[in-house]
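Everything below concerns the one structure shown next.
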Amino acid sequence: MDSPPGHTGVRTGEAMRHVRVRENADVLVRSGRIEAIGEGITVPPGGQIIDAHGDVLMPGFVDCHTHLCWAGNRIDEWTRRLAGESYLQILKDGGGIMSTVRAVRATPLKTLTELLRKRLDAILRQGVTTIEIKSGYGLSAESEIKMLRAIRNAAMTWPGTVLMTALLGHAIDPEIGEKAFVEKTIYETLPAVHAEFPGITVDLFCEEGAWTLAGSLRLIQAAQDLGHPVRVHADQFTSRGMVREAVKLGVLSIDHLEQTTSAEMDCLAKSQTFGVGLPVTAMNLGGSSKPDGFSGMASGMKFANLRSLVDLGGRVCVATNANPGSAPSLSMPLAIALAVRFCGLSIEEAITAATVNPALLLGFKDRGVLGVGKRADLILLRHEDYREIAYELGGDPIRAVIVGGHVARYYATT
Ligand code: NIG
């Protein structure tokens, strides 16, 4: 499965639906790149052959929004949510993100790195070959830098590509208080992170109980003044006017968008800013088009209306949001399956939103499509029909993962 000729850059609107299926094609890979695609390619001497047996070969997934580096777990909190408590109430009571912050602060760098390595191995098996990983569970200069070092260390031994983001505004440390914590983040944490990781993308969570709009705008401005690109979490539970402001400030992406109004979607669509949908979160937090449709789970959560963002011409991505609280899942196939069922994307649009578009959001022009000259980050499915990626729920669709031309994982056909 590849991308039709003529497409360069971000796929929007109609172009998101263009995926090309080539029957019986061979793909020749040399020195980590795709050298040729077509029927009957001669295998060069010494070349290794992988027989797809008619199954689908497609670009590896690019997971552009994860919180994959964490310690501890939130299973007890999840059972409280099953009993009806809300995510924001648990956060307000000092749990949620803050309980993971306490666990991360108490975990040595080496252990944090090992925990992340295991998760990276697991996510590779799900077909992810390029991933963004945020810090955000440190919330102090020392602990944020520890997280970023853990991500950098774990990335060194992972075959795929890791892009780090400094999520400096993930929550407000209640022990410091809002006003002082905003100052501390801007005048202490940001400069310390800037000194060791210049140019790293900075992120924040603008939400009731997290960062206010005013605090968020100050952090964005301060980060941009130091030359950091910015991404924001916005409109997850409440709409606080961040979409318009973030667009004005030229942020790279606005992620979540569950509560975004159609006028704000239109504003986003007219900009160069990407919109990232995180449907696993809406499902896990009790997402429903009928707010009281789920028994036992505190709901009111909606899915992002990615259909409207595509129709308005926006730049659309889908990601796992893998984290211990709102999205305990490492599965891009699940994110795609939910985006198709609940966010209004077609299967082809969801695949585009999980491959080439997030690659470009992360700044990679050489992947996310299967084309000559592109990096050979490929996945071989266990299926002859690419639509199985969205159709199957909780399955095991990946047979082989090839990263930079090397077979990183291969599972024999059953
Ligand atoms: O994108 N909303 C903020 N951050 C994550 C959740 C992180 C957590 O609960 O630990 C999210 O959903």
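The values are calculated or read from the model by the stated rules, or taken from the named source; none is laboratory data. Fair warning: this is a prediction, and the values are worked out from it, not measured in the lab. Note that we place each Cβ from the backbone using ideal geometry, even for glycine, and neighbour counts take in every protein chain shown.
If a residue counts only when it is in contact (Cβ under 8 Å) with a residue 12 or more places away in the chain and among the small types (Gly, Ala, Ser), which strands (runs of 3 or more DSSP E) contained entirely in region 16-128 have at least 2 such residues?
Answer list for region 16-128: 33-38.
Take Ile145 and decide whether it is touching a residue at least 24 places away in the same chain (Cβ under 8 Å) and more than 16 Å from the ligand (Cβ to nearest atom).
yes
From (1) in contact with a Gly (Cβ under 6 Å, 6 or more places away or on another chain); (2) surrounded by 19 or more Cβ atoms within 10 Å (Cβ to Cβ); (3) in contact (Cβ under 8 Å) with a residue 60 or more places away in the chain, pick out the condition that doesn't hold for Glu132.
It is condition (1) that Glu132 fails.
Any residue that is under 17 Å from the mean Cα position of the chain (by Cα), buried (at least 18 other Cβ atoms within 10 Å of the Cβ), outside any loop (DSSP other than H, G, I, E, B) and without any contact (Cβ under 8 Å) to a residue 60 or more places away in the chain - is there at least one of those in region 340-360?
Within region 340-360, one or more residues are under 17 Å from the mean Cα position of the chain (by Cα), buried (at least 18 other Cβ atoms within 10 Å of the Cβ), outside any loop (DSSP other than H, G, I, E, B) and without any contact (Cβ under 8 Å) to a residue 60 or more places away in the chain.
Return the pairs, sorted by first residue and then second, in which the second residue is among the aliphatic types (A, V, I, L, M) and not in a helix (DSSP H, G or I), the first residue lies in region 235-246 and is assigned by TED's automatic domain parsing to the domain that holds Gln272 and within 15 Å of Phe274 (Cβ to Cβ), the beta carbons are less than 7 Å apart, and the residues are 6+ apart or on different chains.
That search, which allows pairs on different chains as well, returns Asp235/Leu257; Met242/Val232; Met242/Ala234; Val243/Ala234; Val243/Ile254; Ala246/Val232; Ala246/Ala234; Ala246/Ile254.
Okay, residues lined up against (1) under 30 Å from Leu268 (Cα atoms); (2) of a type in the set (D, E, K, R):
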| position | (1), (2) |
| --- | --- |
| Met16 | yes, no |
| Arg33 | no, yes |
| Ala36 | no, no |
| Phe61 | yes, no |
| Leu82 | no, no |
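Can you tell me which residues in region 56-91 are at pLDDT 95 or above and away from the ligand (no atom under 16 Å from the Cβ)?
Of everything in region 56-91, those that are at pLDDT 95 or above and away from the ligand (no atom under 16 Å from the Cβ) turn out to be Val56, Leu57, Met58, Pro59, Gly60, Phe61, Val62.
Only one residue in Ala154, Ala171 is more than 17 Å from Val230 (Cβ to Cβ) and more than 16 Å from the ligand (Cβ to nearest atom). Which one? Give the steps one after another, and end with the answer.
Values: Ala171 fails: more than 16 Å from the ligand (Cβ to nearest atom).
Matching residue, one of Ala154, Ala171: Ala154.
When the residues of region 321-337 are filtered to those that are part of a helix (DSSP H, G or I) and in contact with a Leu (Cβ under 9 Å, 6 or more places away or on another chain), which remaining residue is nearest to the ligand (Cβ to nearest atom)?
Ala335
Are there any pairs, at least 6 apart or on different chains, whose C-beta atoms fall under 9 Å, with the first in region 303-316 and on the phi > 0 side of the Ramachandran plot and the second at pLDDT 95 or above and crowded, with 18+ Cβ neighbours inside 10 Å, and if so, which?
So the pair list comes out as Gly313/Ala269.
Residue check: is Glu208 closer than 15 Å to Ser308 by Cβ and within 16 Å of the ligand (Cβ to nearest atom)? Explain how you work it out, then say what you get.
Details: closer than 15 Å to Ser308 by Cβ: no; within 16 Å of the ligand (Cβ to nearest atom): yes.
Spelling it out, it is not the case that Glu208 is closer than 15 Å to Ser308 by Cβ and within 16 Å of the ligand (Cβ to nearest atom).
May I ask you to verify whether Ile220 is assigned by TED's automatic domain parsing to the domain that holds Glu142 and in a helix (DSSP H, G or I)?
Spelling it out, Ile220 is indeed assigned by TED's automatic domain parsing to the domain that holds Glu142 and in a helix (DSSP H, G or I).
So the check is Cβ under 8 Å with 6+ separation or different chains; which pairs have a first residue in region 203-223 that's surrounded by fewer than 21 Cβ atoms within 10 Å (Cβ to Cβ) and a second one that's in a strand (DSSP E or B) and not aliphatic (A, V, I, L, M)?
Going by the 8 Å Cβ cut-off, the qualifying pairs are Thr212/Cys206; Leu213/Cys206.
When you check Ala353 against the structure, is it aliphatic (A, V, I, L, M), farther than 27 Å from Ala83 by Cα and touching a Cys at 6+ places or on another chain (Cβ under 9 Å), yes or no? Talk me through it step by step, then tell me what you get.
Values: aliphatic (A, V, I, L, M): yes; farther than 27 Å from Ala83 by Cα: yes; touching a Cys at 6+ places or on another chain (Cβ under 9 Å): yes.
For Ala353, the condition - aliphatic (A, V, I, L, M), farther than 27 Å from Ala83 by Cα and touching a Cys at 6+ places or on another chain (Cβ under 9 Å) - is met.
Among the residues of region 231-280, which ones are part of a strand (DSSP E or B) and in contact with a Phe, Trp or Tyr (Cβ under 6 Å, 6 or more places away or on another chain)? Before you say what the answer is, go through the steps one by one.
Initially, region 231-280 is screened for residues part of a strand (DSSP E or B), giving 231-234, 253-256, 274-277.
Matches in region 231-280: His233, Ser253.
Condition check: within 15 Å of the ligand (Cβ to nearest atom), among the hydroxyl-bearing types (Ser, Thr, Tyr), out of contact with any Lys or Arg (no Cβ under 7 Å at 6 or more places or on another chain) and modelled with pLDDT of 95 or more. Does Ser216 satisfy that? Even if it seems obvious, please write down each step before you answer.
Working: within 15 Å of the ligand (Cβ to nearest atom): yes; among the hydroxyl-bearing types (Ser, Thr, Tyr): yes; out of contact with any Lys or Arg (no Cβ under 7 Å at 6 or more places or on another chain): yes; modelled with pLDDT of 95 or more: yes.
So Ser216 passes the test.
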